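Here is the structure we will look at, set down as structure tokens.
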Amino acid sequence: MVLSSSLSKPEDKLLTNLVKTLSGSVWSTLGVVVVVSALGVAIAVNGFDLRVSGSLALYFVIWWILLFAVLPFGVRSQAETGEVVRGSEPGAPALPALREKAIWTTLVASVVLVIVAAVFPLAGL
């Protein structure tokens, strides 16, 4: 039995290609991060009666935790690629794709923020 990749659907490939395209420059990456973050915070503030300062603080914590969870995905070491830069650690990433990971982290963190903001009233917070 052959297991197919979770990115085998055309919609998933479209989203992945969109993220790769948007991460083409620092400015487009920053723009996506700011816009998506602002949307997530605005939904949390307007939809769930959180204060702006509280939702920004919560978003900041969620974003950083998720960044460290996303960083290892898709990383290949220089030793695996066979192109070890002289003087560097062979286990260092060959292409870390940090801009793509910043966009993925932002997308996931915005969704998590909205879910957490929706659960707050249920928890009495």
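The values are calculated or read from the model by the stated rules, or taken from the named source; none is laboratory data. This is a predicted model, so every value here is computed, not measured. Ideal geometry is used to build each Cβ from the backbone, glycine not excepted, and the neighbour counts take in all protein chains shown.
Whether any residue in region 80-96 is part of a helix (DSSP H, G or I) and farther than 24 Å from V19 by Cα is what I want to check. The answer is yes; a qualifying residue exists.
Is there a residue being part of a helix (DSSP H, G or I), without any contact (Cβ under 8 Å) to a residue 60 or more places away in the chain and surrounded by fewer than 11 Cβ atoms within 10 Å (Cβ to Cβ) anywhere in region 47-68? If you could, list the steps in order and put the result at the bottom.
Of region 47-68, the ones part of a helix (DSSP H, G or I) are 47-48, 52-68.
Retained after the next criterion (residues that are without any contact (Cβ under 8 Å) to a residue 60 or more places away in the chain): 52-54, 56-68.
Now narrow it down to the ones that are surrounded by fewer than 11 Cβ atoms within 10 Å (Cβ to Cβ): 53, 68.
Looking through region 47-68, at least one residue is part of a helix (DSSP H, G or I), without any contact (Cβ under 8 Å) to a residue 60 or more places away in the chain and surrounded by fewer than 11 Cβ atoms within 10 Å (Cβ to Cβ).
Scanning region 2-46 for residues that are among the hydroxyl-bearing types (S, T, Y) and either at pLDDT below 90 or closer than 17 Å to T105 by Cβ (or both) returns S4, S5, S6, S8, T16, T21, S23, S28, T29, S37. Looking only at residues of region 70-94 that are touching a helix residue (DSSP H, G or I) at 6+ places or on another chain (Cβ under 8 Å) and in contact (Cβ under 8 Å) with a residue 12 or more places away in the chain, we find that the one that is farthest from I115 (Cα to Cα) is P90. Yes or no: region 12-27 includes at least one residue that is among the acidic types (D, E), closer than 30 Å to A118 by Cβ and surrounded by 12 or more Cβ atoms within 10 Å (Cβ to Cβ). Looking through region 12-27, at least one residue is among the acidic types (D, E), closer than 30 Å to A118 by Cβ and surrounded by 12 or more Cβ atoms within 10 Å (Cβ to Cβ).
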